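The values are calculated or read from the model by the stated rules, or taken from the named source; none is laboratory data. In this text the structure is predicted, and so the values were computed from the model without any measurement. When we count neighbours, we look across all protein chains shown, and the Cβ atoms used for this are built from the backbone with ideal geometry, even at glycine. The protein model used for the area step is the full one, side chains on, heavy atoms only, and it has no ligands, DNA or RNA in it. Shrake-Rupley method; radii C 1.70, N 1.55, O 1.52, S 1.80 Å.
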Amino acid sequence: MQTGDEYEIFLVSLPGLEPALCDEARGLGFAGVRIVPGGVALRGGWPEVWRANLWLRGATRVLVRVGEFRAFHLAQLDKRARRFPWGDFLRADVPVRVEASCKASKIYHAGAAAQRVARAISEELGAPVVEGADEGAVRVMLRIDDNLCTLSLDTSGAPLHKRGHKQAMGKAPLRETMAAMFLRQCGYSGGETVLDPMCGSGTFAIEAAEIAAGLAPGRTRGFAFEQFAGTDAGAWAAMRAEGAAARDPGLVFHGCDRDAGAVRMAGENAERAGVAAWCSFTRMPFADVEPPEGPPGLVMVNPPYGARIGNKKLLYGLYAALGGVLKARFAGWRVGLVTSEGGLAKATGLPFKPPGAPVAHGGIKVKLYRTAPLGS
């Protein structure tokens, strides 16, 4: 592995959030950024791979394409996989898991293809091969499409929404990757306060505080690339340290919830994330929420919806009451609301713009509904 080598880097995205992720990657200065099926592609060397894992808030995973060749039958795949320079990327003492997919190719059995590549790695490099879920194993991905075999490595390991500091979660928590991209789509960039009147485990407020403090989302977790051959541990440690250096945002980020357990969890999560000094979580029903002192900001809320509550009449009443509170008290604030049904958003009576693309969340599709500043 040479630090100066350049590769195609693929950012896996939640479907529907590709444009927001593309915008984020461009904003961070990555090169050759473009939307492709399933995510966003860019080009760069290993430092860009590290930086993508450390800094991108919207990516699910970061994959790097390390090689390709043509193969028309399993024997040919076996031969070419054995000739591939695995030692440039993988270590003999780190376990490997191989996954394969086949499309429109002479080789059509994905399981057999994965076995050939796994055996090649095992016998040529000496690395142990494992099957099934194992977060300690490096994931090698083989894609065979029109007889072209593409080899990629999962450089992330655990999915990137696992920031490393959220342990306490309520029911149906919003993934951090989703929360960050919804904040971005609402125009949030760290210069204003955010308030969540139904905060649950505090995801919106904590993500907003991290963005405002200039903290990298991956600063406290490990990554698969740390186990790759030739990773410059010193250079990576320096990059991680930069991502953990906070600046005082001069703002407070607010969360309220009627559930005392949720408020406690949110506070604990903010403490682990290192942003507790800039977060305030209060036990309070949304009907009692008042805007904090200072200029207007952004209300972000992920109310109950869909399968999470059975009685739809109660839900419509809840949304109408929420809209009433925001219209009466939050003049000048923008609102971002996540829900699975347009009818529920409409019940708030808020002047929403056309919603964003549907995004899969916990087996249902949700959309982001946004307003301009209320009363404007």
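Computed over neighbours whose Cβ is under 15 Å from that of PRO249, the net charge equals -3, Lys and Arg +1, Asp and Glu -1. Over all other residues within a Cβ to Cβ distance under 10 Å of GLY356, the charged ones net out to +3, with Lys and Arg as +1 and Asp and Glu as -1. Check the straight Cα-Cα distances from LYS327 and name the lysines below 28 Å, setting aside those fewer than 8 residues away within the same chain. Hits, sequence-local ones excluded: LYS171, LYS312, LYS313, LYS346, LYS353, LYS365, LYS367.
When the accessible area of the chain is computed with all protein chains present and a 1.4 Å probe, what percentage of it is carbon and sulfur? Carbon and sulfur: 52 percent of the exposed surface of the chain. The distance linking the range 183-232 with the range 6-67 is 16 Å (Cα centroid to Cα centroid, whole angstrom). Extension gain for ALA372 to ALA328 (0.36 nm times residue separation, less C-alpha to C-alpha distance): 14.3 nm. Dividing the C-alpha radius of gyration of the range 1-160 by 2.2 N^0.38 Å, with N its residue count, gives 1.04.
Cα centroids of the range 301-376 and the range 73-120: how far apart, whole angstrom? About 47 Å separates the Cα centre of the range 301-376 from the one of the range 73-120. Our helix-only sum for the chain, with -39,500 (n - 2.57) per DSSP H run of n ≥ 4 divided by its residues, gives a mean residue ellipticity at 222 nm of -9500 deg cm²/dmol. Cross-link reach is defined here as a Cα-Cα straight distance under 25 Å, omitting same-chain residues fewer than 8 places apart; for LYS103 the lysines meeting it are LYS79. Hey, if you put +1 on the Cβ of every Lys and Arg and -1 on every Asp and Glu Cβ in the chain, which of LEU350, MET265, ALA241 ends up farthest toward the positive end of that dipole? Projecting each Cα onto the dipole axis, the largest value belongs to LEU350. Once the chymotrypsin sites (Phe, Trp or Tyr not before Pro) in DSSP loops with at most 13 neighbouring Cβ atoms within 10 Å are cut out of the chain, the longest remaining piece is 109-376.
Tell me which of ILE144, MET198, HIS161 sits at the most positive position along the dipole axis of the range 119-221, charges placed on C-beta atoms (Lys, Arg +1; Asp, Glu -1). Highest projection toward the positive end goes to MET198.
Label zone of ALA321 (point 7 Å out along Cα→Cβ, amide N under 15 Å): in the range 256-270 this covers 257-259. Remark: the ALA360-ARG283 segment gains 24.8 nm on full extension, using 0.36 nm per residue and subtracting the alpha carbon distance.
Other residues lying with their Cβ under 12 Å from the Cβ of TYR7 contribute a combined charge of -4, Lys and Arg counting +1, Asp and Glu -1.
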